[in-house]
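The values are calculated or read from the model by the stated rules, or taken from the named source; none is laboratory data. No experiment lies behind these values; they were computed from the predicted model shown. A quick note on method: Cβ atoms are made from the backbone with ideal geometry, for glycine too, and the neighbour counts reach across all protein chains shown.
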Amino acid sequence: MTFKKVLNKALPVLATIAAVLTFSVASAHTGAPSGAALLACEAKQKSQACQYEGAHSDLYIGTCQYMPDQLLCVRNQPIQKKVESEKTETEEKHEPHKK
Amino acid sequence: MSLSIHKSLLGIVTLSAFALAGCNSTPSDAKPAATEVAKVAEKVVEVAETAVKTTSKTVNEGINLSMFVKDAFTSEPTIVDCETSAGTATKCYQFVTAGAPAGREPGPYCPRTTSDSAEVGGGWFSKEGSGDLVDITGEFILNLSSYYDDDKWMLYDPETNKIRYTATKAACLGAAKPDVEEEYMQNCIECELSYLDDDFSRTFLIPVTPIPAAETGRVSTAGIALDGSELSGSAPIDAILGAYTIAAFDDCGGHVNTHQGYHYHSTTGCSDAAEKSDDGHAVLIGYAADGYGMYAMKDAEGKEAIGLDECRGQTDDVRGYHYHVASPSENMFIGCLHGESIQSGRGPGGPPPGGRPDGPPPHDAG
């Protein structure tokens, strides 16, 4: 079997593996701690107002800042607490213990 | 000059004004003279008080060396010539540290089995990126798949229930960097101080007198904590989680890599100043790369500061311009730098005169 034939057979397999690996790594990015703060500054510029929901749907309000290369929503107002009674039982149940 | 000396001088000036104004007065013009004396004294007090306010603001803005913990530095801080990234020639404090927090042993970080409690492990950012750190318990490791909604997480051996962690220096080096080596994926990452080179040191250059910048600067390294540890920039969360690793912090919100030594990514109270403020203001935790003070998020009553600017800073009469740090899981301390700093790719650790002592740029895995 020539090198060309081996390459032709191996290439699709390698491409599939690469695609699977890429997807695996990319999908692990969802749920990153700063994900919401990053999303809040998508298509925005430095110093533009932004806000996102944090734990318990608390509201985080600030402006977009480079940290250091990506624009991230930097909160500069006190955390706006969601009304305590709105906290669901499900949220309590699946939440890891916080310090 | 300290505030108390100024107050003493103010008293002397006032007394002198009364005494001097009293000279040459005769019984016949005693009343008008007394009025004049009162006016002069009032004016003197007013001017002197303004001077005291102005001076005290200057005194309290910037670094107070006495606030650092004993043994925070490996040598006495010195003042050296330096140039900010904006090109301003100024004087800087040069701080040299051993890359370890003064006064305590860092850790623990990763639990060893899936049944270990919070005492055995440290903390990690909450997935929401807000609020307090979450405890890294055995159960937390066990439930990572559901926590991150990704079935691929497996940081433990299901047969033995032992947690996979970086137990050697080689493992630490292979894992504590953004491009985690494949063999160290699916690990809880921890590094020990003993992995640092024998001659490891960190040098921080921070302006003695903060210089307000024409434009706010980006934060790569936020500053230095009162225990001499680096207050680091944001951790590369995507790279860490993308490799199915947890770059575990200890309960103080810091961890070790071989480039930065021990450094903080969040503050949970371990670097708080022992001295509380008389006015109930939040406690000092360190100094930013531009020389302004960094204070805890909440004041003595547990309230957050209001009226912060986009860098998370504000000005008051006691502290001048200063910052308030974000919550532990926000993956940042401050939003930007209000002042000029000596950034060189290692944050405030710009090369000191004579060269850089602390190796290549950092490859922080968090």
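See the values below:
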| read-out | value |
| --- | --- |
| Matching residues in the range A:34-73 - criterion: being in a loop (DSSP other than H, G, I, E, B) and charged (D, E, K, R) | A:GLU42, A:LYS44, A:LYS46, A:ASP58, A:ASP69 |
| Residues located in the range B:208-229, provided they are closer than 24 Å to B:HIS259 by Cβ and touching a Gly at 6+ places or on another chain (Cβ under 7 Å) | B:VAL219, B:SER220, B:THR221, B:ALA222, B:GLY223, B:ILE224, B:ALA225, B:LEU226, B:ASP227, B:SER229 |
| Number of the condition not met by B:LYS177 [criteria: (1) at pLDDT 95 or above; (2) closer than 19 Å to B:HIS263 by Cα; (3) out of contact with any Gly (no Cβ under 6 Å at 6 or more places or on another chain)] | (1) |
| Residue among B:ASP227, B:ASP238 that is assigned to a loop (DSSP other than H, G, I, E, B) and either within 14 Å of chain A (Cβ to nearest Cβ) or over 22 Å from B:GLU181 (Cβ atoms) (or both) | B:ASP227 |
| Tally, over the range B:234-272, of residues that are touching a Pro at 6+ places or on another chain (Cβ under 6 Å) and either at pLDDT 95 or above or of a type outside the set (A, V, I, L, M) (or both) | 8 |
| Some residue of the range B:308-321 being modelled with pLDDT of 95 or more, among the aromatic types (Phe, Trp, Tyr) and either more than 18 Å from the chain's Cα centre (by Cα) or buried (at least 24 other Cβ atoms within 10 Å of the Cβ) (or both) | no |
| Restricting the range B:113-140 to residues that are of a type in the set (Gly, Ala, Ser) and at pLDDT 95 or above, the residue that is farthest from B:PRO236 (Cα to Cα) | B:SER115 |
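Results for (1) more than 30 Å from B:THR74 (Cβ to Cβ); (2) in contact (Cβ under 8 Å) with a residue 60 or more places away in the chain; (3) more than 29 Å from the chain's Cα centre (by Cα), shown as yes or no for each residue.
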position	(1), (2), (3)
B:ALA98	no, yes, no
B:LEU133	no, yes, no
B:ILE136	yes, yes, no
B:PHE140	yes, no, no
B:LYS162	yes, no, yes
